[in-house]
Structure formats: structure tokens, C-alpha cells
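Below is one structure, written out as C-alpha cells; comments come after it.
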Amino acid sequence: MTIKPLIILPDPVLRQVSTPIETIDADIRRLADDMLETMYDAPGIGLAAIQIGVAKRMLVLDVSKEGDEKTPRVFINPEIVDSSDEFSVYEEGCLSIPDYYAEVERPAMVIVKHLDRDGKEQIVKADGLLATCLQHEIDHLNGVLFIDHISKLKRDMVIRKFTKAAKTRGAKAI
Ligand code: GNR
Ligand code: NI
């Protein structure tokens, strides 16, 4: 397993729309393992493949509480098939936007259809942090970031700050 470097705002890679995974083979399972290792190392509670530069529709997450047993989960080609009319607000962060946090309102409950790492179709009914995290990660698969759900004023401020920081790092493609 390998810890991969994270793609950071404003890298345009984060705006790519990821493509469905056709076959779940050894390469895909290795990608899932690398994503989990990268997520735990960060540390974070979720990671989408595009955050390590792979535009495939896969996410990993572990929303287990600190001290409890680790519960790594892999979602391949996830789809939100239903969501509640009721909303909830969480303070969100993103490994691709380090050290920035903001409140985001999302449906409190979602039903997500996906394939597990064995290629078996699964349906999960999620609420609480799991619902928020799944929606945050599925957004990544569509090139959407949590800052797209906050005010334009705040969003432009964050993008400006990260663009300046990238320039001083000499990062490519900005
Ligand atoms: O580690 C993460 N924490 C988090 C907290 C609240 C809502 C969403 C998240 S996901 C984030 C990791 C990440 O960037 N996933 O894409
Ligand atoms: Ni994120």
C-alpha cells in the first residue's frame, strides 16, 4: 500500500468529472487500498479517487469514532437514489482545501446505491456524519467542492488565498 500525494485547490484536476469503473480488478482494489492508506495518514474521514489524481468513480470513508474499531468502506460507482426533504448542517473540511472549514447544509438522509470492493451491488441508508461525508465525496466525483455550497464571497476568498499559496509554491497549471 502506498500513501499518495493529495491534489490541492486550485488544481483544475479537482474539477474533472470522474468516469464509472467498468471492471473491479486487482488494480482497482489496489487503488482502494492506497486511497484508504492515504486517508488514514492525512488523517481524514473520506477520500475520493480524484483527490489523488485518478478520475474514477470511487470513494473510501471511515466515520467510526476515535478509539472504536476502524471501519474502512469502499464505494464504487455510487449513486444517490433518494434523499430526505429535511436538511442538516455540518462544519465541513476537505483534504484538498487544508485548514479551511465552513458550515454546509445538505439533505440529512440519503440512500446510496453502489458496488462494494467485491463488485456486489449494495444499498446504504445513511444519516448523520455518514450522509454528509457520502454527499461530500460524491460531489468530488462530479468535480464539485464543498466551497461551491457556501457564499460566493467566501468561496472567492478561499480560492484567492489558495491560488496565492500555490504560486509561491510554484505549483503547476494555475
Ligand atoms: O476528512 C474530512 N472530514 C470531513 C468533515 C466534514 C465533512 C466532510 C468531510 S470529508 C473530509 C475528507 C475529504 O476531503 N474528503 O473528500
Ligand atoms: Ni473533500
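At 1.4 Å probe radius, can you tell me the per residue accessible area of the chain in Å²?
Numbers: 9590 Å² over 174 residues.
Accessible area per residue: 55 Å².
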With the full set of protein chains in place, find how many percent of the accessible area of the range 56-162 is carbon and sulfur; take the probe as 1.4 Å.
48 percent
What is the local net charge at Ser18, summed over the other residues whose Cβ is closer than 14 Å to its Cβ (Lys, Arg +1; Asp, Glu -1)?
-1
Distant-in-sequence amide H partners of Tyr90 (H built 1.01 Å from N, under 5 Å)
Val104, Arg106
Proximal charge balance of Gly143 [Cβ under 14 Å; K/R count +1, D/E count -1]
-1
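Mind checking the range 77-170 for GluC sites (Glu not before Pro) that DSSP puts in a loop (not H, G, I, E or B) and that have at most 15 other Cβ atoms within 10 Å? Before the final figure, lay out the partial values.
On the way: sites: Glu79, Glu86, Glu91, Glu92, Glu103, Glu105, Glu121, Glu137; in loops: Glu86.
Those satisfying the criteria are Glu86.
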Is there a pair in Lys120/Lys154; Lys70/Lys161; Lys65/Lys113; Lys56/Lys152 whose C-alpha atoms are over 30 Å apart, and which pairs would that be?
Lys120/Lys154; Lys70/Lys161
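Would you kindly state the longest site-free stretch of the chain, with sites defined as trypsin sites (Lys or Arg not before Pro) in a DSSP loop (not H, G, I, E, B) surrounded by at most 15 other Cβ atoms within 10 Å?
Values: sites that count: Lys65, Lys70, Lys120, Lys172.
Looking at the chain, 1-64 is the longest stretch - no exposed trypsin sites (Lys or Arg not before Pro) with at most 15 other Cβ atoms within 10 Å.
Within a Cβ distance under 10 Å of Ile3, other residues only, what is the Lys/Arg minus Asp/Glu net charge? Mind dumping the intermediate values first?
Working: positive: Lys4; negative: Asp34, Glu37, Asp41.
Every neighbour counted, the sum reads -2.
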What nm value, rounded to one decimal, do you get for the distance between Asp99 and Glu121 when each label is placed 7 Å out toward the C-beta?
4.6 nm
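The values are calculated or read from the model by the stated rules, or taken from the named source; none is laboratory data. The model shown is predicted, which means the values in this text are computed figures rather than measured ones. So basically every Cβ, Gly included, is an ideal-geometry build from the backbone, and we count neighbours across all protein chains shown. Only protein heavy atoms, including side chains, enter the accessible area calculation; ligands, DNA and RNA are left aside. Shrake-Rupley method; radii C 1.70, N 1.55, O 1.52, S 1.80 Å.
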